[in-house]
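**Q** Following this message is one structure expressed as structure tokens.
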Amino acid sequence: MRRSQDAIGAPNLRPCPKCGAYVMPHRVCSECGYYKDVLVVEPKAKIKETK
Ligand SMILES: [Zn+2]
């Protein structure tokens with residue numbers, strides 16, 4: 001229980017070119033559902049992302 005969680009957090013986030021929301025790189029934007037100009041998922045859809 002010592003400092004093991006310190007490495008987690010502050011991941012590098014990139015602003016989505018579509019909506020500007022900060023999302024994980026190389027991930028579908030969770031806000032607008034776009035990734036590389038392609039609508040991958042429906043916006044605001046509840047998606048369980050497996051880690
Ligand atoms: Zn977006």
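**Q** Taking K and R as +1 and D and E as -1, what net charge do the other residues with C-beta under 15 Å from the C-beta of Tyr22 add up to? If you can, show how the numbers build up before the last one.
**A** Numbers: positive: Arg14, Lys18, Arg27; negative: Glu31.
In short, +2.
**Q** Could you list which residues have their amide H under 5 Å from that of Tyr22, counting only those 5 or more apart in sequence or on another chain, with H placed in the peptide plane?
**A** Counting only residues 5 or more places away or on other chains, the set is Cys16.
**Q** Which of the chymotrypsin sites (Phe, Trp or Tyr not before Pro) found in segment 15-44 are in a DSSP loop and have at most 15 neighbouring Cβ atoms, other than their own, within 10 Å?
**A** Sparse-neighbourhood loop chymotrypsin sites (Phe, Trp or Tyr not before Pro): none present.
Here, each number is a calculation from the coordinates, and none is a lab measurement. In this text the structure is predicted, and so the values were computed from the model without any measurement. Neighbour counts are summed over all protein chains in view; Cβ atoms, including those assigned to glycine, are modelled from backbone coordinates with ideal geometry.
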